[in-house]
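Visitor: Have a look at the structure that comes next, please.
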């Protein structure tokens, strides 16, 4: 704006101009000297801060400390005292809750785990009694699952690193969390949770256990979003609190080799032998095995010769209709039914598969992605935005690959070919979702199914070749240069009357020829014919796309719209709220002609 000021103007209005120029400096100087400043400085409420910090400190201590327990018919209250002394954290019993499920402080406990993370020991020991634990500011509470689910707490999660920008898609992150993190706890009207978007994040009300899983998932999503294009890792990211430790146990089981010749030995003796040879704690889930007619005394007969411990455990589980999984640093021998309740969330980076091996952050690739979005079969939107559905099929160039590729194809392939009955759609516990912001699949499944998913993705990757940029650019250019005819129909009102007259169409036709493809309208190869009902246009695809965008701004054909409630007609329902709608084409900024 200052470039338009003449010397005379500056001389004529020296005081206002000088004031305007000095205003920012004056304001800055005032800010530096102001006792208040431009930002509010918060002094946290001491009581709230202290309670939150104490709970967080105990959470960290449970993850980082280790404990040992070898109890034989020891009262639960005595077990609590032993563990409290080891970890130096007060532990109390929720006595009324225990009474509600028929337990008491003197309920006998028989349990053994040597030197494992305290969090794992508490979880597995209490699980034998169908109990859990909760954390309060003053310590740990042994309680029932029902009582723990009643003790929900609100936490705020900052998501700006995952979904940047002022207009965040809160629905996307909320739906992802509720789909893959303890889905049953989010059921409307029955679960204890609630979700509220707020500024740069979301407020979630959940139990302590679920909050820990949410934190792990968000950390994995941040990591997936930041993964570099060079050396892009294909392995899954663990989005559960004990995921890394469990994966390390699986790796150790694959590395340990042994000669398996077991003749009529009780399961507990077999477990002791495997525990010794692998230097890994094992735990027999007595309650789960008892429910399916098995026990630590079940005789095992297994002959495999030299093999890995991982394979031996798989065969043992298959032969005796059992299951095994790793939690923390512990191998748990359990039933198949119980294993299906031990689900892990893992984040699978799929940027290479989604973008056909191309790096979407590269400027050259961005240009091609924008170009393909205009003419590929799926209108994601690009430089010209979303094109009207009544023209989309005609404008598509089917030889142009989709960028990004449809994640639903990959999701369907996994759900069909990897344990089909284990997914939610087939009545199983597993869930799978694609999260576009981090270019990843988020999967809730058992450890065994996760291994098979990873194997399938590796097989797919081994047969993929990145798109050739020169070849793609040539195909786009060829598609853009192709001439064909399009018919643009006049939009009509509710009564079916055309919104534009023939004179209007003639004016619009002239405007189109001055705005798009200027100088190429020869009335032979490239032309516009005006009819009573619209325009007949022959031109290149790229010009047709611009015209299509322009035409869409003339308004919808209201005669084809369904009536609203209380309107004469069928009384269809209005559109669903955004959070319940199926994802539609992504609209990008583009020219409005």
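Visitor: Condition first: assigned to a loop (DSSP other than H, G, I, E, B) and either within 19 Å of residue 464 (Cβ to Cβ) or modelled with pLDDT of 80 or more (or both). Now tell me which residues in the stretch 365-377 satisfy that.
Guide: The answer is 376, and nothing else.
Visitor: Here are some residues: 78, 59, 51, 128. Which one is under 27 Å from residue 296 (Cβ atoms) and either touching a helix residue (DSSP H, G or I) at 6+ places or on another chain (Cβ under 9 Å) or touching a residue at least 40 places away in the same chain (Cβ under 8 Å) (or both)?
Guide: Numbers: 78 fails: either touching a helix residue (DSSP H, G or I) at 6+ places or on another chain (Cβ under 9 Å) or touching a residue at least 40 places away in the same chain (Cβ under 8 Å) (or both); 59 fails: under 27 Å from residue 296 (Cβ atoms); 51 fails: under 27 Å from residue 296 (Cβ atoms).
Every option except 128 fails the conditions.
Visitor: Within the stretch 419-430, restricting attention to residues that are assigned to a loop (DSSP other than H, G, I, E, B) and more than 20 Å from the chain's Cα centre (by Cα), which residue is surrounded by the most Cβ atoms within 10 Å (Cβ to Cβ)?
Guide: Filtering first and then ranking leaves 419.
Visitor: Taking interchain pairs and intrachain pairs at least six residues apart, which have beta carbon atoms under 6 angstrom, with the first residue in the stretch 307-319 and assigned by TED's automatic domain parsing to the domain that holds residue 275 and the second assigned to a helix (DSSP H, G or I) and surrounded by fewer than 16 Cβ atoms within 10 Å (Cβ to Cβ)?
Guide: 308/254; 310/254
Visitor: Something else now. Among what's in the stretch 290-306 and is exposed (fewer than 15 other Cβ atoms within 10 Å of the Cβ), in contact with a strand residue (DSSP E or B) (Cβ under 7 Å, 6 or more places away or on another chain) and free of Cβ contacts under 8 Å to residues at least 40 places away in the same chain, pick the residue that is farthest from residue 255 (Cα to Cα).
Guide: So the residue we want is 297.
Visitor: Mind listing whichever residues of the stretch 349-359 are part of a loop (DSSP other than H, G, I, E, B) and within 19 Å of the chain's Cα centre (by Cα)?
Guide: Residues satisfying the conditions are 350, 355.
Per-residue answers, yes or no, for (1) outside the structural domain of residue 407 (by TED's automatic domain parsing); (2) surrounded by 12 or more Cβ atoms within 10 Å (Cβ to Cβ); (3) part of a helix (DSSP H, G or I); (4) over 36 Å from the mean Cα position of the chain (by Cα):
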{"residue": "460", "(1), (2), (3), (4)": "no, yes, yes, no"}
{"residue": "467", "(1), (2), (3), (4)": "no, yes, no, no"}
{"residue": "486", "(1), (2), (3), (4)": "yes, yes, no, yes"}
{"residue": "512", "(1), (2), (3), (4)": "yes, yes, yes, yes"}
{"residue": "522", "(1), (2), (3), (4)": "yes, no, no, yes"}
{"residue": "528", "(1), (2), (3), (4)": "yes, yes, no, yes"}
{"residue": "532", "(1), (2), (3), (4)": "yes, no, no, yes"}
{"residue": "539", "(1), (2), (3), (4)": "yes, yes, no, yes"}
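Visitor: Exactly one of (1) closer than 20 Å to residue 332 by Cα; (2) surrounded by fewer than 17 Cβ atoms within 10 Å (Cβ to Cβ); (3) at pLDDT 95 or above is unmet by residue 253. Its number?
Guide: (2)
Visitor: Among the residues of the stretch 90-113, which ones are under 19 Å from residue 68 (Cβ atoms) and under 36 Å from the mean Cα position of the chain (by Cα)?
Guide: Those that are under 19 Å from residue 68 (Cβ atoms) and under 36 Å from the mean Cα position of the chain (by Cα): 91, 113.
Visitor: Could you tell me which residue of the stretch 104-122 is nearest to residue 51 (Cα to Cα), considering only residues that are surrounded by fewer than 19 Cβ atoms within 10 Å (Cβ to Cβ) and touching a strand residue (DSSP E or B) at 6+ places or on another chain (Cβ under 8 Å)?
Guide: Ranking the candidates gives 105 first.
Quick grid of which residues meet (1) surrounded by 18 or more Cβ atoms within 10 Å (Cβ to Cβ); (2) out of contact with any strand residue (DSSP E or B) (no Cβ under 9 Å at 6 or more places or on another chain); (3) assigned to a helix (DSSP H, G or I); (4) modelled with pLDDT of 90 or more:
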{"residue": "393", "(1), (2), (3), (4)": "no, yes, yes, no"}
{"residue": "397", "(1), (2), (3), (4)": "no, yes, no, no"}
{"residue": "400", "(1), (2), (3), (4)": "yes, yes, no, no"}
{"residue": "405", "(1), (2), (3), (4)": "no, yes, no, no"}
{"residue": "412", "(1), (2), (3), (4)": "no, yes, yes, yes"}
{"residue": "415", "(1), (2), (3), (4)": "yes, no, yes, yes"}
{"residue": "432", "(1), (2), (3), (4)": "yes, no, no, yes"}
{"residue": "442", "(1), (2), (3), (4)": "yes, no, no, yes"}
{"residue": "449", "(1), (2), (3), (4)": "yes, no, yes, yes"}
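Visitor: A further question on this structure: Given the residues 164, 114, 105, which is the only one that is modelled with pLDDT of 95 or more and more than 24 Å from residue 184 (Cβ to Cβ)?
Guide: 105
The values are calculated or read from the model by the stated rules, or taken from the named source; none is laboratory data. Source: prediction; values computed, not measured. Don't worry about glycine lacking a Cβ; one is built from the backbone with ideal geometry, like all the others, and counts go over all protein chains shown.
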